[in-house]
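Colleague: The structure under discussion is supplied below as structure tokens; questions concerning it will follow.
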Amino acid sequence: MRLVFLGPPGSGKGTQARMVSESMNIPQISTGDILREAVARRTDLGKKARSYMDAGQLVPDDIMLALIEKRVDGTDCTGGYILDGFPRTLAQAMGLDEILTQRGETIDLAILIEVADETVVRRLTRRRICPACHALYNLDTDRPKRDNLCDRCGVELVLRSDDEEKTVRTRLNVYRNDTLPLADYYDSKGILRKVDGEGSVDEVFASIMGILTEVRQS
Ligand code: AMP
């Protein structure tokens with residue numbers, strides 16, 4: 001199955017994509033993670049993307065489409081994948097469809113995880129990330145076992161620069177203006193399903209798996 005996960009920053013998209021990826025044994029393709037890695041390694045892509053990311057703005061569509069075209073060609077993608085954080089604009093969604101059409105493929109399902117703005121702000125400003133393995137924590141709901149250290153690698157956790165409140169509000173505006181219209185795009189193709197993202201991680205996961213089971217059986 002080729003899946004798209006949509007939702008505002010802080011909707012739990014990444015966490016859910018990881019869980020579904022493990023459960024279905026298909027890769028999670030997180031464009032945010034790919035870009036952060038490129039920034040950390042100071043590659044050409046990272047140098048181009050950094051200023052946009054720090055400002056909470058979107059990296060230009062042509063850069064993102066080139067990145068995704070290469071990634072979905074990976075040998076691990078033959079059985080499907082979950083796109084997490086891509087597409088983010090109508091141009092990206094249409095570009096993705098063109099790439100897939102050339103390969104004789106389509107997106108099977110787009111899952112929109114809905115949460116209120118204030119939930120997003122609270123979750124993101126309390127979120128911490130491991131700069132080494134990208135594991136995510138939350139100081140309210142998912143604290144690391146040792147204060148501010150990653151459970152897996154012991155590295156000191158950080159607040160992502162784009163998780164500061166001012167940047168979070170910018171990202172929410174960008175989401176509403178540029179990304180939310182994608183819900184209509186996928187709805188018009190009959191492949192959009194919505195999930196309430198306000199519940200616990202396990203509740204949201206159960207809703208998503210319910211939808212996936214239903215779609216696979218139909
Ligand atoms: P995320 O971790 O998905 O919230 O992404 C972090 C940042 O990476 C975003 O705020 C954007 O600056 C950039 N980014 C990630 N995915 C995309 C995309 N599909 N299009 C443009 N920019 C992106």
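Colleague: Taking the Cα centre of segment 24-70 as origin, work out the dipole magnitude from +1 charges on Lys and Arg Cβ and -1 charges on Asp and Glu Cβ, in debye rounded to 20.
Modeller: Roughly 240 debye, rounded to the nearest 20.
Colleague: Could you give the size of the charge dipole of segment 168-218 about its Cα centre, using +1 on the Cβ of each K and R and -1 on the Cβ of each D and E, expressed in debye and rounded to the nearest 20?
Modeller: That gives segment 168-218 a dipole magnitude of about 220 debye.
Colleague: Work out from phi, with θ = phi - 60° and the Karplus expression 6.51 cos²θ - 1.76 cosθ + 1.60, the ³J(HN,Hα) of each residue of segment 205-218, listed in order in whole Hz, and give x for Gly and Pro.
Modeller: 4, 4, 4, 5, 5, x, 5, 5, 5, 4, 5, 5, 7, 7
Colleague: A further question on this structure: Under 5 Å between amide H atoms, partner at least 5 residues away or on a different chain: which partners does VAL4 have, H built in plane at 1.01 Å?
Modeller: Amide H neighbours of VAL4: LEU83, LEU109, ALA110, ILE111.
Colleague: Hey, got the Cα dimensions of segment 70-158 along the principal axes, in Å, largest first?
Modeller: Result, largest extent first: 49, 33, 18 Å.
Colleague: Please compute the contact order of segment 1-66 in relative form: average sequence separation of alpha-carbon pairs under 8 Å and at least six residues apart, divided by the residue count, as a percent.
Modeller: Value for segment 1-66: 13 percent.
Colleague: Given a Förster distance of 45 angstrom, what is the FRET efficiency for ARG41 paired with GLU214, based on the Cβ-Cβ distance and rounded to 0.05?
Modeller: With R0 = 45 Å, the Cβ-Cβ based efficiency is 0.65.
Colleague: Over the residues of segment 154-218, compute the C-alpha Rg and express it relative to 2.2 N^0.38 Å.
Modeller: Segment 154-218 yields a ratio of 1.53.
Colleague: Protein chains only, probe 1.4 Å: how do LEU45, LEU83, LEU192 rank by accessible area, largest first?
Modeller: From most accessible down to least: LEU45, LEU192, LEU83.
Colleague: I've got another one for you. Taking the Cα centre of the chain as origin and charging only Cβ (+1 Lys, Arg; -1 Asp, Glu), how large is the dipole, in debye to the nearest 20?
Modeller: It works out to roughly 600 debye.
Colleague: Using θ = phi - 60° and the Karplus relation 6.51 cos²θ - 1.76 cosθ + 1.60, list the HN-Hα couplings for segment 180-189 in order, rounded to whole Hz, with x at every Gly or Pro.
Modeller: Those phi angles translate into 4, x, 5, 4, 5, 4, 6, 5, 5, 8 Hz.
Colleague: Starting from the Cα of HIS134, step 7 Å along the direction of its Cβ; do the same at LYS48; then give the gap between the two resulting points in nm.
Modeller: Reported label-point gap for HIS134 and LYS48 is 1.9 nm.
Colleague: Related question: If you wrap segment 81-218's Cα atoms in a convex hull and average its projection over all directions, what's the area in nm²?
Modeller: The orientation-averaged projected area of the Cα hull of segment 81-218 comes to 9.9 nm².
Colleague: Among ALA132, VAL174, LEU192, which residue has its Cα positioned farthest towards the positive end of the charge dipole of the chain, with +1 placed on the Cβ of Lys and Arg, -1 on the Cβ of Asp and Glu, and the dipole taken about the Cα centre?
Modeller: It is ALA132.
The values are calculated or read from the model by the stated rules, or taken from the named source; none is laboratory data. As the structure is a prediction and not an experimental result, all values here were calculated from the model. We place every Cβ from the backbone using ideal geometry, glycine too, and count neighbours over all the protein chains shown. Surface accessibility is based on the protein's heavy atoms, side chains included, excluding ligands, DNA and RNA. Shrake-Rupley method; radii C 1.70, N 1.55, O 1.52, S 1.80 Å.
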